[in-house]
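All remarks here apply to the structure that follows.
Derivation of every value follows stated rules applied to the coordinates shown; laboratory data play no part. As the structure is a computational prediction, the values presented were derived from the model and not from experiment. Cβ placement follows ideal geometry from the backbone for every residue including glycine, while neighbour counts extend to all protein chains displayed.
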Amino acid sequence: LPTYSIYSATKAAVEQMTRVFSKEIGRGVSVNALAPGATETKLFLDGKSQEQIDKLSSMNAFNRLAKPMDIAKVVLFLASDDSKWISGQVIGANGALV
């Protein structure tokens, strides 16, 4: 996307820091990053036309924007003991964005 160079660079930096920190400071602590897709929040919706929202909604397997609870459930999983063997990963919570 045009004008996204700084945004893309910072995302890449966070992803690499996640990998490195998982080894440097992990030692029993999981270090992961969450990469949510388009999420239905006031901040996200602000300034977008219905046409833009419909287009973004159609770009994933569920044909809708994520609800904040969709993302919160992934965070809850990552904070639970069930995810202890997952570390150094960037988890895409984006509804199979295509």
Order these by the 10 Å Cβ neighbour count, fewest first: E51, E40. E51, E40
Of G88, G28, G47, which is the most mobile in a GNM of the chain whose springs link Cα atoms less than 10 angstrom apart? G47
Counting sequence-distant residues (5 or more places) and residues on other chains, those with an amide H built under 5 Å from that of I91 are A33, L34, A35
Ranked on Cβ counts within 10 Å of their own Cβ, fewest leading, M69, M59 go M69, M59
Full-extension gain in nm, S80 to L45, via 0.36 nm per residue minus C-alpha separation: 9.6 nm
Count the lysine pairs in the chain whose Cα atoms lie under 28 Å apart, taking only pairs 8 or more positions apart in sequence or on different chains. 18
In which sequence would T18, T3, T41 go, from the one with the fewest C-beta neighbours within 10 Å to the one with the most? T3, T41, T18
